[in-house]
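Participant: Let me give you the structure first, and then I'll get to my questions.
The values are calculated or read from the model by the stated rules, or taken from the named source; none is laboratory data. Every value quoted in this text rests on a predicted model; they were computed, and no experiment measured them. Virtual Cβ from ideal backbone geometry, glycine too; neighbours counted across all protein chains shown.
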Amino acid sequence: MERTPSLERLRAYAAGSLDANEQAMVADAIAFMEAHPDCFLRSCLAGHFTGSSWILNPARTHTVLTLHQKLDQWLNPGGHADGDPDLLAVALREAREESGLTSLRAPSPDLFDFDRHWIPERPGTPGHWHYDFRFWLEADATESVQISSESKDLRWVELGRVPILNPGESMARLLRKTAALPPGAG
């Protein structure tokens, strides 16, 4: 699998202004990708790369969150690359599949955020890392979302309510980055 574009994207992202925690996650992801040619496949049992989206309405007041079926947490939509090294395409595909939104677009092809999170062991699947490329997507908030089999619930959420549903640092970082977007970007 061709890793070069994703490695270049991660290296360019690492050269930006990241907090120490995110910088460490990105450095670990670069080393992991360099060491694992199969890093875009679920069969890479130590971990694998995923693509997810931070879906915002154009006014940047709401985002789409899913109550994940297996993890039982409110999260941004995303999923496995399943061999596709184009993680923006993965994020768009997963966003469409998990939300039913048809108005999705990527205001920028650049990485919006990076997260590494542990996925606990389940029957037949050992615990492993998800190395998650997160992209900013926009969609029309008047468009209805459709719950998929991967979700217990799915909804447009006012940004101020996100910490109530998921108070984790990963979500807080997405909110900080949203607040820092320049006016009229996208």
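Participant: Need a quick list: strands (runs of 3 or more DSSP E) entirely within segment 52-120 having at least 2 residues that are touching a Leu at 6+ places or on another chain (Cβ under 7 Å) and more than 25 Å from Ala14 (Cβ to Cβ). Spell out how you get there, then give the answer.
Facilitator: Numbers: elements: 62-68, 78-80, 113-119.
Strands (runs of 3 or more DSSP E) meeting the threshold: 62-68.
Participant: Do we find that Trp136 is part of a strand (DSSP E or B), modelled with pLDDT under 95 and aromatic (Phe, Trp, Tyr) in this structure?
Facilitator: Taking the combined requirement at face value, the residue does not satisfy it.
Participant: Please enumerate the residues belonging to segment 2-43 that are loosely packed, with under 11 Cβ neighbours inside 10 Å and either within 17 Å of the chain's Cα centre (by Cα) or under 16 Å from Asp110 (Cα atoms) (or both).
Facilitator: Listed by number, the residues that qualify are Thr4, Glu8, Ala15, Ser17.
Participant: Quick one: Val90 ticks every box in (1) β-branched (Val, Ile, Thr); (2) touching a Gly at 6+ places or on another chain (Cβ under 9 Å); (3) surrounded by fewer than 18 Cβ atoms within 10 Å (Cβ to Cβ) except a single one, so which number is it?
Facilitator: Result: Val90 passes all but (3).
Participant: Another question about this same structure. Can you tell me which residue in segment 47-81 is surrounded by the fewest Cβ atoms within 10 Å (Cβ to Cβ), limited to those that are more than 28 Å from Asp140 (Cβ to Cβ) and at pLDDT 95 or above?
Facilitator: Selected residue: Gly47.
Participant: Considering segment 93-115 alone, what residues qualify as being in contact with a Ser or Thr (Cβ under 7 Å, 6 or more places away or on another chain) and farther than 19 Å from Ser170 by Cβ?
Facilitator: Listed by number, the list holds a single entry, Glu97.
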